[in-house]
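Report on one structure; see the data block that follows.
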Amino acid sequence: MQEYFFFRIDGKYVKINFSEIIYIEGCRNYLKIISDKKKYMVLMTMKRIAELLPTCLFQRIHKSYIISLNKVAEFDKEFVWLNDKELPISYHYRNVLENAFTIAREESNKIVDKKPLVAMKPLSVRSHHIRLIGTR
């Protein structure tokens, strides 16, 4: 797998290693690529860069943000912290980080089986009458 790509910036092709990227912010048809070394502004859409980035290293968390999974320090359901930067996680992407990482949990919190513990027989509308309060 290739570990970098080149962007055309100010008439030159600039090599950016995937390992250097902290996050990418979309600004209409431009992207701000924030790396360990520098900030870059390139003409490209979020959709296109998402196609180019390896999914094992990067994750989209918002319509305007793609983050490097290796740079995540902390996260909850609303925010992710990358070093000293706090970025929002949109509602649509709430659970993606939990699925992207191995999360150590106590044995008592582990879900063994997602099936219900007690199988309940469905109620038949014909065999049970329901009286609604305030109606005749």
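For a footprinting-style exposure proxy, rank V72, V14, V80 by other Cβ within 10 Å, fewest first.
Result, fewest neighbours first: V14, V72, V80.
Along the Cα→Cβ direction, 7 angstrom out, place labels at R28 and Y91. What is the inter-label distance in nm?
Distance between label points: 2.7 nm.
Among all the aspartates and glutamates, which ones have a C-alpha under 17 Å from K38's C-alpha, if same-chain residues fewer than 8 places away are not counted?
Cross-link targets: D10, E20, E25, D84.
Any read-out appearing in this document is the output of simple, stated calculations on the displayed coordinates, not a laboratory observation. Because the structure is a prediction, the values reported are computed rather than measured. Cβ atoms come from the backbone with ideal geometry, glycine included; neighbour counts cover every protein chain shown.
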